[in-house]
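Bear in mind that the values in this text are calculations on the coordinates, not laboratory data. The structure presented is a predicted model; accordingly, all values stated were derived computationally and were not measured. We place every Cβ from the backbone using ideal geometry, glycine too, and count neighbours over all the protein chains shown.
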Amino acid sequence: MSENLRKKVIAVVVAFCLVLPQMVFAQDAAGTGDAAKDLDYLKSVMDMIKEKYKGDVTDSQLIEGALKGMFGTLDPYTTYWTPEEADQFLGEMSGNYEGIGVSIYKEDDYIVVGKVFEGSPAEKSKIYVGDKIVEAGGKSLVGASPDDATRLIKGEPGTSVTLGIVRSGTEGTIKIDVERAQVTINPITYKIKDGIGYIKIEIFNSNTYGFLLKALSEMDGNGVKKLILDLRDNPGGEAEMAVMAARKFVPKGLITKLDFKDEDQQDVEYYSSLESPKYKLAVLVNKMSASASEILAGAIQDTKAGVLIGTKTFGKAKVQSVFPILTPEAYKKYEAQLGRKIADGEDLEKLGITPQDSDIMGWTKITTGTYTTPSGRMIDGTGLTPDIEVDDSAEVNGVDVTAVQRLSGKEKLSLNGEGMDVYYAEEILKADGYEVDAPDAKLDAKTFNALAKFQRDNGLFPCGVLDFATQHALNDRLEKLVMENDAPYAKAVEILNQ
């Protein structure tokens with residue numbers, strides 16, 4: 001991990017809804033006791049393990065396990081990470097990382113591509129959602145964990161990795177060389193329909209505000225005064241990004257207050273200086289809207305800058321901060337050098353000493369405070385109740401139409417053509433009742449026939465080609481499917497048009 005990233009992370013306050021498995025670590029039943037005896041007890045347990053465990057184990061492994069256990073007993077949001085685990089999380093939070101630009105998940109024994117980021121090396125190399133990555137750099141990924149797969153796939157910009165891909169409708173394993181790069185994750189999608197703007201924020205990473213400004217500029221350039229802000233399934237992210245977003249919508253006054261336990265960490269009050277909000281605003285929320293997204297939604301609700309529509313939010317008002325933990329060797333080194341016992345790498349930073357990578361045992365994301373809404377509400381465990389309660393939308397023929405992306409209209413695709421626009425077209429066709437196989441980004445004979453039928457039904461020439469007119473018609477049909485089946489979105493449109 002670079003020194004610049006370390007300095008940035010230490011200064012960042014994170015509010016993120018991330019529930020991890022907990023490990024229980026032995027502790028004094030009363031929560032107190034003589035510290036020296038406790039340490040002697042822990043050393044004795046470690047000695048017992050090394051004496052009796054028939055296998056290889058090091059002091060470092062045992063200490064790491066103890067750290068995971070101690071932090072894991074605190075709350076669902078506090079955890080200990082190895083440097084590799086920290087790199088992955090902090091890369092996601094920064095919105096910039098070195099790799100190929102995909103998100104992955106495990107299904108049975110396979111690593112499956114869940115998303116391909118726009119403009120990424122993966123997109124340019126024609127890797128598609130649904131592809132199974134069975135090999136990376138000559139090593140099999142069948143049965144591998146997502147973490148192990150990530151370590152093999154990611155790498156320094158400019159280096160390449162050869163992936164083995166199994167794709168529906170294609171025989172055998174496809175070999176694809178992908179050159180890694182610095183990937184920027186854009187968490188914002190937006191559109192304008194019938195004078196109403198729509199902006200979805202997937203997460204509050206370090207890029208959120210910049211991309212939000214771009215979306216709002218597009219709204220202003222088109223004279224949009226009515227706006228839907230979609231925070232559904234947004235798990236949170238950087239508190240400061242949520243505050244910066246709030247300053248574009250919340251009138252002058254308090255946005256949120258962060259209250260910390262550590263006396264060295266000052267409480268923070270964030271304010272908006274916006275004299276007059278420019279948008280008539282509807283905000284969509286659900287049970288997975290959490291943490292930083294609740295900071296934004298709560299400020300909008302309390303100040304009556306907009307109306308909240310949907311279902312009750314998650315209810316997480318705890319704030320986490322990220323700190324490096326020194327190795328035992330570094331702990332002893334700096335104790336001898338400074339005459340002070342320091343385990344927290346940030347304390348070294350305060351003394352003007354930047355710990356080296358070799359000094360860092362791992363990182364902790366630890367709950368350090370809580371936040372309240374402008375009116376002083378503490379929503380932890382209770383969430384925000386929408387002004388207008390509307391149940392989440394249901395799937396249509398097995399398709400979540402709210403998650404389907406619009407077709408790009410960049411290229412025409414014929415029989416056996418491949419691309420993400422085929423994938424989105426198949427999702428729309430399936431939701432609309434046309435007979436297609438599971439979306440797989442390949443325009444096979446079944447999709448070809450379904451497109452021809454869709455074209456015939458919509459007054460287009462039934463050629464089966466995914467041409468520009470057909471893509472436009474599919475996008476229009478998607479909008480209608482959303483209006484018909486996404487009840488919170490439809491209610492927002494209704495409210496804004498009143």
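Between ASP437 and LYS126, the FRET efficiency from the beta-carbon distance, with R0 = 30 Å, is close to 0.95. Annotation for ASN96 and GLU263: the two label points, set 7 Å from Cα along the Cα-Cβ direction, are 3.8 nm apart.
Taking 0.36 nm per residue of sequence separation and subtracting the Cα-Cα distance, how much length would be gained by fully extending the chain between GLU84 and THR173, in nm to one decimal?
Additional length available on full extension: 29.1 nm.
Computed on the range 96-184, with alpha-carbon pairs under 8 angstrom and 6+ residues apart, the relative contact order is 34 percent. Between GLU51 and ASN497, the modelled label-to-label distance comes to 7.8 nm, taking each label 7 Å out from Cα in the direction of the beta carbon. By definition, a body whose alpha carbon gyration tensor gives a ≥ b ≥ c is oblate when a/c is 1.5 or more and a/b is not larger than b/c, and the chain fits this oblate description. For the range 318-359, the set of GluC sites (Glu not before Pro) satisfying both a DSSP loop assignment and a count of at most 10 other C-beta atoms within 10 Å is empty. Relative to the longest principal axis of the Cα atoms of the chain, the long axis of helix 292-302 makes an angle of roughly 70 degrees. Relative to the longest principal axis of the Cα atoms of the chain, the long axis of helix 83-94 lies at roughly 40 degrees. In plain terms, the chain from SER217 to TYR271 could stretch by 17.2 nm, reckoned as 0.36 nm per residue minus the Cα-Cα distance.
Overall, the chain carries a charge dipole of about 1040 debye about its Cα centre when +1 sits on the Cβ of Lys and Arg and -1 on the Cβ of Asp and Glu, all other atoms neutral. Note that the range 401-496, at 10 °C in a medium of 1.306 mPa s, gets a Stokes-Einstein diffusion coefficient of 118 µm²/s from its Kirkwood radius over C-alpha pairs.
Once the Cα atoms are used to define both axes, helix 208-221 deviates from the longest principal axis of the chain by about 30 degrees. Simple spin-label estimate for GLU64 and GLU484 gives 5.4 nm between the two label positions (7 Å along the Cα-to-Cβ direction from each Cα). Once the mean of 1/r is taken over each pair of separate Cα atoms and inverted, the range 273-407 shows a Kirkwood hydrodynamic radius of 18.6 Å. Ranking PRO374, GLY172, LEU496 by Cα position along the charge dipole of the chain, where only Lys, Arg, Asp and Glu carry charges on their C-beta atoms, puts LEU496 farthest toward the positive end. Take the Cα of ASP40, go 7 Å toward its beta carbon, and none of the backbone nitrogen atoms of the range 329-358 fall under 11 Å from that spot.
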